[in-house]
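Participant: This structure is in structure tokens; I'll ask about it shortly.
The values are calculated or read from the model by the stated rules, or taken from the named source; none is laboratory data. Values in this document were obtained by computation on a predicted structure and should not be read as measured data. Note that we place each Cβ from the backbone using ideal geometry, even for glycine, and neighbour counts take in every protein chain shown. These accessible areas exclude ligands, DNA and RNA; they are computed on the full protein's heavy atoms, side chains included. Shrake-Rupley method; radii C 1.70, N 1.55, O 1.52, S 1.80 Å.
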Amino acid sequence: MIDTHSIIVFFMKRLQDRIHIMELLEVNEVDTFLPLLPAILMLALVIFTRKIVLSLGTGIFVGAFIYTDFSIGQTLKTIWLYFYQIFYSDGALETSNLLLLGFLLLLGIMTALLAASGGSQAFGDWMIQKIKTRTGAQMMPIILGLVIFIDDYFNSLAVGQVARPLTDRHHISRAKLAYYIDSTSAPVTVISPISSWGAFIIGILGSLFAANQITDMKPLTSFIQMIPYNFYAIAALLIVFLVALFKFDIGPMKKHEERAVRDHQLVDPDPKKAHIPGDLNAVFKPHQDGRVYHLLVPIIILLVVTVSLMIVTGIVHTEDELTFLHIFENTDVNISLFSGGFMAVLAGFIFHFRQQSPKARSMKIFVEGIKTMLPAIFILILAWMIGSTMSDLKTGEHLAHIVQNSSIQAPMLPFIFFIIAGVMSLATGTSWGTFSIMLPIGAEVVLNLDTSLLLPVLSAVLAGSVFGDHCTPISDTTILSSTGAGANHIDHVITQLPYAFIAALSAGVGYLSTGLFGNLWISLIIVIAIPLIIAWLNQAMNQKKQTNIE
């Protein structure tokens with residue numbers, strides 16, 4: 001067993017020793033090291049202990065301890081402020097955060113209603129007649145993930161609700177479902193101009209071009225031209241199909257899938273991982289009169305109301321010319337999600353109310369639904385708090401400063417910015433924050449070295465941000481993907497890592513090729529070839545092992 005307390009004490013003692021030595025030697029390296037320490041310590045604890053709350057809590061404490069110049073009293077006060085400001089800041093309620101948390105609670109209630117009414121079971125029974133293969137069941141969340149490209153939050157939660165009854169019936173592990181959701185949501189939204197991500201990025205491009213007096217490039221046109229250079233998104237989406245079609249199960253994912261097929265256990269039976277968000281299979285006995293529409297109608301209402309309000313709020317908040325891009329740039333995603341969730345819960349409750357007895361008590365449905373979402377909400381709140389810690393320590397700005405002051409050769413720029421953006425997103429847990437910091441720096445650096453690499457470098461920043469987002473346990477999208485799938489959060493992070501690294505390897509080689517040869521098509525062939533070769537080698541090795549066993 002790993003002694004977690006000893007690990008933390010060891011790190012803290014080493015930190016104090018290091019600071020003392022640097023003070024004696026009057027070395028400024030401490031200013032370089034300290035902003036990165038909370039992220040490094042947190043990620044190390046996640047890997048070694050697989051306890052997400054402990055790891056996040058340690059990162060928050062160490063970060064606040066450093067930020068307050070190692071004052072315990074001020075550290076505790078700062079941690080309280082991080083928590084308090086999630087709900088109330090600058091003299092006003094943080095309605096955006098409250099609405100998202102409210103939507104998660106509504107999602108839990110809706111899940112409970114769908115289970116208690118028998119809608120989930122009826123949908124599973126119906127879909128298993130339509131989709132009879134395990135491969136077909138795995139393709140469903142992938143296709144849905146590609147189609148629902150409006151917003152990553154919406155994608156992560158909606159796809160899980162629709163696909164889970166089917167994937168459960170075909171004994172597909174929840175970790176794999178979470179992987180399909182996470183590895184389609186961000187990669188799709190980052191390359192879609194008509195999405196919340198696309199609108200945000202196009203807005204940044206417009207300000208960059210204006211600031212650098214670039215008049216021959218238009219933000220929307222440039223964004224579309226950047227899509228084929230987003231090598232990580234392309235590789236990640238390709239790998240998702242390889243996993244589904246060719247049983248490309250590697251690393252921890254293979255163990256989860258073998259257990260799901262062999263023992264029909266969709267989640268790790270370890271009692272320490274008992275709190276699975278959105279999992280109510282053992283709580284409610286499905287109503288015998290459950291119908292498919294009991295599931296489909298609430299989810300359709302969720303989709304229609306959410307998308308409609310995203311468009312309406314975007315129109316209301318747009319002061320410029322009304323275009324799709326301006327609408328999605330100014331949309332209020334969280335109030336749209338909350339409203340859609342409320343209407344979906346209302347529809348589900350009406351169906352439940354009209355059912356004949358015996359049926360689950362309404363209060364129990366609401367309580368159990370809320371209880372299932374509490375672990376995900378706790379993790380999300382801690383993730384926001386560690387984000388505040390990283391902001392105060394200026395971890396992102398610190399990494400960006402390193403890039404600006406490094407002597408980098410022009411052909412290496414796409415690769416370097418891909419790596420740095422990945423590290424920054426991994427450490428801070430935010431893709432959008434990384435976009436905001438690294439896109440202007442990338443533009444400034446490349447315009448002074450080689451203007452022909454502007455779009456590849458900016459694309460590399462986007463790609464690296466999504467890569468880091470896929471690797472970190474503190475990303476909103478990663479948390480919501482495991483929530484939507486009903487998977488243990490750390491199991492999702494650990495099982496997704498090998499696939500993220502393969503996609504990153506492909507993207508990294510692609511960016512090196514772009515810098516050296518300047519040919520998009522050669523780079524794309526490399527990016528596509530690497531996952532195909534790795535998947536083929538994996539399949540060949542599995543066949544050889546099977547032959548030896550026989």
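Participant: With (1) assigned to a helix (DSSP H, G or I); (2) within 24 Å of the chain's Cα centre (by Cα) as the list, and Ala443 as the residue in question, which single condition is left unmet?
Facilitator: That leaves (2) as the condition not met.
Participant: If you don't mind, there's one more thing I want to ask. Determine which single condition His256 fails, assuming it passes every other condition in (1) more than 23 Å from Gly433 (Cα to Cα); (2) more than 21 Å from the chain's Cα centre (by Cα).
Facilitator: In the conditions (1) more than 23 Å from Gly433 (Cα to Cα); (2) more than 21 Å from the chain's Cα centre (by Cα), His256 misses (2) alone.
Participant: Another question about this same structure. If you check Ile191, Ile131, Ile142, which single one turns out to be surrounded by fewer than 24 Cβ atoms within 10 Å (Cβ to Cβ) and under 26 Å from Thr472 (Cβ atoms)?
Facilitator: Ile142
Participant: What's the total number of residues in the stretch 287-305 that are closer than 28 Å to Lys359 by Cα and open to solvent by 70 Å² or more (accessible area, probe 1.4 Å)?
Facilitator: Selection size over the stretch 287-305: 4.
Participant: Output the number of the condition that Phe435 fails; it satisfies all remaining conditions of (1) of a type outside the set (Ser, Thr, Tyr); (2) modelled with pLDDT under 75; (3) in contact with a Phe, Trp or Tyr (Cβ under 8 Å, 6 or more places away or on another chain).
Facilitator: (2)
Participant: I would also like to ask the following. Only one of these is in contact (Cβ under 8 Å) with a residue 24 or more places away in the chain and aliphatic (A, V, I, L, M): Leu480, Leu537. Name it.
Facilitator: So the residue among Leu480, Leu537 that is in contact (Cβ under 8 Å) with a residue 24 or more places away in the chain and aliphatic (A, V, I, L, M) is Leu480.
Participant: Out of all the residues in the stretch 195-208, which are over 20 Å from Ile142 (Cβ atoms) and either open to solvent by 10 Å² or more (accessible area, probe 1.4 Å) or of a type in the set (Ser, Thr, Tyr) (or both)? Don't jump to the end; show me each part of the working.
Facilitator: Filtering the stretch 195-208 down to residues over 20 Å from Ile142 (Cβ atoms) leaves 196, 198-208.
Within the stretch 195-208, Ser196, Phe200, Ile202, Gly203, Ile204, Gly206, Ser207, Leu208 meet the criteria.
Participant: Inside the stretch 306-333, can you point out the residues that are surrounded by fewer than 20 Cβ atoms within 10 Å (Cβ to Cβ) and either in a helix (DSSP H, G or I) or in contact with a Cys (Cβ under 6 Å, 6 or more places away or on another chain) (or both)?
Facilitator: Passing the criteria: Val307, Ser308, Ile311, Val312, Thr313, Ile315, Val316, His317, Phe324, His326.
Participant: On the basis of being outside any helix (DSSP H, G or I), at pLDDT 75 or above and either under 23 Å from Ile142 (Cα atoms) or in contact with a helix residue (DSSP H, G or I) (Cβ under 6 Å, 6 or more places away or on another chain) (or both), does Leu237 make the cut?
Facilitator: No: the conditions fail for Leu237.
Participant: So, Pro473, is that one more than 14 Å from the chain's Cα centre (by Cα), surrounded by 24 or more Cβ atoms within 10 Å (Cβ to Cβ) and either farther than 21 Å from Tyr499 by Cβ or not small (Gly, Ala, Ser) (or both) or not? I'd like the intermediate steps shown before the answer.
Facilitator: Values: more than 14 Å from the chain's Cα centre (by Cα): no; surrounded by 24 or more Cβ atoms within 10 Å (Cβ to Cβ): yes; either farther than 21 Å from Tyr499 by Cβ or not small (Gly, Ala, Ser) (or both): yes.
In short, no.
Participant: Give Val267, Val190 a once-over and let me know the one that is hydrophobic (A, V, I, L, M, F, W, C), at pLDDT below 90, within 30 Å of Val312 (Cα to Cα) and in contact with a Gly (Cβ under 9 Å, 6 or more places away or on another chain). Before you say what the answer is, go through the steps one by one.
Facilitator: Values: Val267 fails: within 30 Å of Val312 (Cα to Cα).
Unique residue meeting the criteria: Val190.
Participant: Out of Ile416, Ile420, report the one residue that is crowded, with 20+ Cβ neighbours inside 10 Å, at pLDDT 80 or above and more than 21 Å from Phe200 (Cβ to Cβ).
Facilitator: Ile416
Participant: Answer yes if at least one residue in the stretch 421-434 is on the phi > 0 side of the Ramachandran plot and not aromatic (Phe, Trp, Tyr), and no otherwise.
Facilitator: Checked the stretch 421-434: at least one residue is on the phi > 0 side of the Ramachandran plot and not aromatic (Phe, Trp, Tyr).
Participant: Now, a different point. Could you list, in sequence order, all residues of the stretch 149-183 that are outside any helix (DSSP H, G or I), among the hydrophobic types (A, V, I, L, M, F, W, C) and surrounded by 24 or more Cβ atoms within 10 Å (Cβ to Cβ)?
Facilitator: Scanning the stretch 149-183 gives Ile150, Ile172.
Participant: Return the residues of the stretch 151-176 that are within 23 Å of Ile301 (Cβ to Cβ), under 15 Å from the mean Cα position of the chain (by Cα) and hydrophobic (A, V, I, L, M, F, W, C); say none if nothing qualifies.
Facilitator: Those that are within 23 Å of Ile301 (Cβ to Cβ), under 15 Å from the mean Cα position of the chain (by Cα) and hydrophobic (A, V, I, L, M, F, W, C): Phe154, Leu157, Ala158, Val159.
Participant: Tell me which helices (runs of 4 or more DSSP H) are completely within the stretch 29-110 and hold 1 or more residues being more than 28 Å from Gly341 (Cα to Cα), open to solvent by 20 Å² or more (accessible area, probe 1.4 Å) and modelled with pLDDT under 85, or say none if there are none.
Facilitator: Once the helices (runs of 4 or more DSSP H) in the stretch 29-110 are filtered for at least 1 residues that are more than 28 Å from Gly341 (Cα to Cα), open to solvent by 20 Å² or more (accessible area, probe 1.4 Å) and modelled with pLDDT under 85, what remains is 29-33, 37-49, 52-67.
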